[in-house]
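See structure below.
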Amino acid sequence: MADQPFVTDIQMLRARARQHIESGAVTPGYRAHRETVINLLNEALATEIVCVLRYKRHFFMATGINAQSVAQEFLQHATDEQAHADQIAQRIVQLGGEPNFSPDGLTTRSHSEYVEGESLVDMIKEDLVAERIAIG
């Protein structure tokens with residue numbers, strides 16, 4: 001008899017899991033306001049996309065005696081930021097939203113700016129500013 005409540009709890013757990021499967025990652029225990037979270041995630045997505053674009057430009061525009069090693073660092077950061085953007089977009093979809101990849105208004109949705117920088121030092125400074133904004 002002592003085993004019966006455990007079996008019943010498992011059966012109820014399984015039944016509840018099947019009942020709301022269409023809700024995906026959003027379970028009845030999810031307390032956040034989904035639309036607010038999706039909006040915030042779309043801002044984070046825009047920020048990551050702007051960072052990818054800035055890092056890619058810096059990768060291609062890096063010149064000078066130290067440019068090769070720094071350019072490779074820019075490329076690695078662009079790759080990392082793209083992975084972050086992909087993770088954010090996936091989470092938006094899991095929450096039942098749509099990731100906003102539209103270039104219209106991208107820079108106004110982004111927390112960081114797209115600043116090209118004129119020298120290698122300028123580029124590095126702009127990337128550090130953007131990282132500080134992202135950490136925020």
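Of all residues in segment 27-50, those that are in a helix (DSSP H, G or I) have Cβ atoms under 6 Å from Cβ atoms of residues that are of a type in the set (S, T, N, Q) and open to solvent by less than 80 Å² (accessible area, probe 1.4 Å), 6 or more apart or on another chain, in N42/N100; A46/S110; T47/S110; T47/S112; V50/S110; V50/S112. With respect to the conditions (1) in contact with a Phe, Trp or Tyr (Cβ under 8 Å, 6 or more places away or on another chain); (2) within 30 Å of L13 (Cβ to Cβ); (3) among the small types (G, A, S), G96 lacks only one, and its number is (1). The single condition among (1) of a type in the set (V, I, T); (2) closer than 16 Å to E43 by Cβ; (3) surrounded by 14 or more Cβ atoms within 10 Å (Cβ to Cβ) that I124 does not meet is (2). Scanning segment 33-58 for residues that are of a type in the set (A, V, I, L, M) and more than 12 Å from the chain's Cα centre (by Cα) returns V37, L53. The set of residues in segment 125-136 that are free of Cβ contacts under 8 Å to residues at least 60 places away in the same chain and β-branched (V, I, T) comprises V129, I135.
For segment 91-114, filtering for residues that are without any contact (Cβ under 8 Å) to a residue 40 or more places away in the chain and surrounded by 13 or more Cβ atoms within 10 Å (Cβ to Cβ) leaves 1.
The values are calculated or read from the model by the stated rules, or taken from the named source; none is laboratory data. What you see is a predicted model, and the numbers here were worked out from it, not measured in a lab. With ideal geometry, Cβ positions are generated from the backbone for all residues, glycine too; neighbour counts draw on all protein chains shown. These area figures cover heavy atoms from the full protein model, side chains too; ligands, DNA and RNA do not enter into them. Shrake-Rupley method; radii C 1.70, N 1.55, O 1.52, S 1.80 Å.
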